[in-house]
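Here is the structure we will look at, set down as structure tokens.
None of the figures in this text is laboratory data; all of them are computed from the coordinates on show. These figures come from a predicted structure and were not determined experimentally. Cβ sites come from the backbone with ideal geometry, for glycine too, and all protein chains shown count toward neighbours.
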Protein chains: 2
Amino acid sequence: MKLYQSPSPNARRVHIFMAEKGIDCERINIDIRSGENISAPYLAKNPGGGVPMLELDDGTCIGESVAICRYLEGIHPEPNLLGSTALSSAQIEMWQRRAEQKFFFEVAGAFRNITGFFKDRETCVKEWGQVCAKKATASLAMFEKQLASHSYLAGDTFSIADITLVAALDFAKQIKVVEIPKLDHIERWYGEVNERPSMSAT
Amino acid sequence: MKLYQSPSPNARRVHIFMAEKGIDCERINIDIRSGENISAPYLAKNPGGGVPMLELDDGTCIGESVAICRYLEGIHPEPNLLGSTALSSAQIEMWQRRAEQKFFFEVAGAFRNITGFFKDRETCVKEWGQVCAKKATASLAMFEKQLASHSYLAGDTFSIADITLVAALDFAKQIKVVEIPKLDHIERWYGEVNERPSMSAT
């Protein structure tokens with residue numbers, strides 16, 4: 001099994017997930033800056049063009065970070081990070097999607113459209129980036145409220161939803177185009193989550 | 001169990017999923033046009049503000065269409081629509097996410113930003129809507145290629161990935177802001193999928 005990777009919040013999601021599971025494998029670095037991920041050989045393996053991608057020993061390729069995590073959960077169920085009952089699976093899926101769609105994707109939209117990081121391969125609309133940045137900041141109130149009454153985003157146990165939010169938050173702090181207000185419950189959760197050894201996984 | 005719903009491609013995804021499973025439940029109509037989904041009582045149940053939402057008999061609420069589907073799959077595993085092995089679950093997740101992120105969300109972005117449908121509650125950037133429309137159209141080549149060698153989007157069996165793509169395609173045809181070229185394999189798949197009784201579920 002090989003993980004094709006490049007430094008990004010998506011790679012970090014998979015790295016944290018693997019570290020939580022105690023899984024490791026061969027790594028192959030992909031240079032997204034030069035467009036290696038949109039080259040014909042890479043797209044033949046992963047038509048979505050995303051990084052990371054997991055290649056199994058028989059050559060089967062799994063793209064999309066959360067799909068990679070779902071495969072890893074299947075082959076290595078413990079510790080459980082995607083839910084073990086109908087309800088916990090649904091609640092984790094719900095918060096994972098909120099963390100992605102209401103925050104992570106907005107942060108990414110702000111980054112790409114404001115900085116023009118991928119302007120060699122996509123049309124950037126700065127005004128839209130600013131809309132994304134405001135939406136990302138506004139969404140934090142929802143997570144703050146949830147974390148006021150729950151240890152972790154999807155309830156009492158650490159899950160992929162926490163991984164997505166922490167990776168996106170650290171990315172937002174790094175790129176400095178999204179305002180991150182100080183919010184007490186997010187700060188409490190962030191401190192606790194950052195004590196996990198998996199947080200420094202690369 | 002009650003499903004809060006309003007006419008939308010997301011509601012259709014859940015309706016098709018339920019019909020495939022042979023599940024039905026009480027329905028409560030939500031008027032998104034007047035903003036009922038962003039009213040305080042609704043947000044108390046579903047802070048993401050999305051519709052549909054599933055309320056269980058004990059009052060637990062599940063928002064986000066795919067999270068609802070995951071709950072329904074858990075309580076009613078057959079016919080399987082989310083995968084039954086580590087690999088099939090990952091491949092379905094991968095294609096489901098491609099159908100969502102590379103097509104459905106781009107169609108939605110085109111619709112919202114070009115038509116200003118939700119301009120009473122969000123900032124619309126027409127130029128961004130046009131970027132989304134082009135990206136949605138361009139993504140169809142990836143699905144066309146996959147469907148050239150597979151019966152369904154994620155392989156040999158019908159799954160949630162097909163549900164997402166068909167709901168998004170029909171929505172795109174309805175709103176008329178995204179160009180949908182005639183593509184042979186997508187057309188073959190679309191015709192076959194549309195023979196399923198679940199497609200007319202409401």
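Descriptive notes on the structure:
- Of the trypsin sites (Lys or Arg not before Pro) in the range A:7-61, the ones in a loop by DSSP (not H, G, I, E or B) with at most 16 other beta carbons within 10 Å are A:Arg33.
- In terms of distances greater than 32 angstrom between alpha carbons, the cross-link table entries A:Lys135/B:Lys173; A:Lys21/A:Lys45; A:Lys176/B:Lys145; A:Lys2/B:Lys173; A:Lys119/B:Lys182 yield A:Lys176/B:Lys145; A:Lys2/B:Lys173.
- Identity and axial distance of the chain A residue whose Cβ lies nearest the axis relating A to B, Å: A:Trp128, 2
- Near-label residues of the range A:73-97 by backbone N, under 17 Å of a point 7 Å along Cα→Cβ of A:Thr157: A:73-96
- Split chain A at each of the GluC sites (Glu not before Pro) in a DSSP loop with at most 16 other beta carbon atoms within 10 Å, and the longest piece is A:1-121.
- Mean residue ellipticity at 222 nm, helices only, the protein assembly as shown: -16500 deg cm²/dmol; runs of at least 4 DSSP H residues each add -39,500 (n - 2.57), and the sum is divided by the number of residues.
- In terms of surrounding Cβ atoms within a 10 Å radius of their Cβ, B:Met199, A:Met94 rank from fewest to most as B:Met199, A:Met94.
- Gaussian network model of chain A, Cα within-10 Å springs - most flexible of A:Leu72, A:Leu169, A:Leu43: A:Leu43
- Once the C-beta distance of B:Thr115 and B:Ile38 is scaled by a Förster radius of 22 Å, the resulting FRET efficiency is 0.75 to the nearest 0.05.
- Projecting the Cα atoms of B:Leu165, B:Thr123, B:Ala138 onto the charge dipole of the range B:123-174 (Cβ charges, centred on the Cα centre) puts B:Thr123 farthest toward the positive pole.
- Whole-angstrom gap from the range A:1-74 to the range A:130-202, using each part's C-alpha centre: 23 Å
- Residue order for B:Tyr42, B:Tyr190, fewest other beta carbons within 10 angstrom first, comes to B:Tyr190, B:Tyr42.
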